[in-house]
1. Kindly indicate the residue of region 1-54 that is exposed (fewer than 13 other Cβ atoms within 10 Å of the Cβ) and polar (S, T, N, Q) and also modelled with the lowest pLDDT among those meeting that condition.
2. Can you give me the number of residues within region 55-80 that are surrounded by 12 or more Cβ atoms within 10 Å (Cβ to Cβ), within 14 Å of the chain's Cα centre (by Cα) and within 26 Å of MET12 (Cβ to Cβ)?
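The values are calculated or read from the model by the stated rules, or taken from the named source; none is laboratory data. The structure displayed is predicted, hence computed values, not measured ones. No Cβ is skipped: glycine too gets one built from the backbone with ideal geometry, and neighbour counts run over all protein chains shown.
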Amino acid sequence: MADTPEEILKDMKKYWRIGWILLACTVLTVVVAEITPSVTIGLGIATVKAGLVALIFMHLNHEKSIIYKVLVYTCFFALGLLFLTLLHLFDPLVAR
């Protein structure tokens, strides 16, 4: 926790910087959607934005290693589900 005015100012600058980065990613998402409506690129940008929010605003960058292990396993599970969904899209029996 920030106790001195200098520490509070330092934290405020960090939050403003992350806010501007998130705004830039949002603008990038809109530009990419207008140029080429690619779901993959949009999901990649959204993943970066979600990671920034989780790490900075939810203070996960200061958590213990067990949190990171759970987060990594969750990400692998989610990627596995996405992969299975993509396999379903390319199944010749379904794509009629």
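1. If we take residues in region 1-54 being exposed (fewer than 13 other Cβ atoms within 10 Å of the Cβ) and polar (S, T, N, Q), then SER38 is modelled with the lowest pLDDT.
2. The number of residues fulfilling the criteria is 4.
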